[in-house]
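A short worksheet on the structure shown next.
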Amino acid sequence: MSRSYKKTPVTGLTGCWSEKDWKTEWHRRWRARIKDAVREERDPPLLHEVCDIWDGPKDGKIWWPKRSSWSNFKNIVRNGRVGK
C-alpha cells in the first residue's frame, strides 16, 4: 500500500475514533423527514432543522505544527503513550 500510514499532520480534536454511528443516525432521521415532506408535497427540511452538526462527537480538526509533536501523536495512536 502506498498510503499505509497517515502522512498529513491533521487530526480530529476529540478522543473518539469515529463519527460513523452519529452520522448514520442523523442521516437516517434526515432522509425520513425528506421522504415525509415529499409524500405531503411540502418543502424538504433544511439540514440544521434535523440536526445540529456541532453536537457531533468530533469538534473540528487540529494541525500539528511541529514535526516532534506529530511524531508524539503517532506514538500515542500506536502505543497509547508518548515516547519510543
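The values are calculated or read from the model by the stated rules, or taken from the named source; none is laboratory data. Predicted model only: the values in this text are computed from it and were never measured. Cβ atoms come from the backbone with ideal geometry, glycine included; neighbour counts cover every protein chain shown.
For the stretch 15-84, which helices (runs of 4 or more DSSP H) that fit wholly inside it have 2 or more residues that are out of contact with any Asp or Glu (no Cβ under 9 Å at 6 or more places or on another chain) and either modelled with pLDDT of 85 or more or at positive phi (or both)?
Details: elements: 20-39, 47-50, 67-79.
Of the helices (runs of 4 or more DSSP H) lying wholly inside the stretch 15-84, those with at least 2 residues that are out of contact with any Asp or Glu (no Cβ under 9 Å at 6 or more places or on another chain) and either modelled with pLDDT of 85 or more or at positive phi (or both) span 20-39, 47-50.
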Complete set of residues in the stretch 14-27 that are among the basic types (Lys, Arg) and exposed (fewer than 11 other Cβ atoms within 10 Å of the Cβ): LYS20
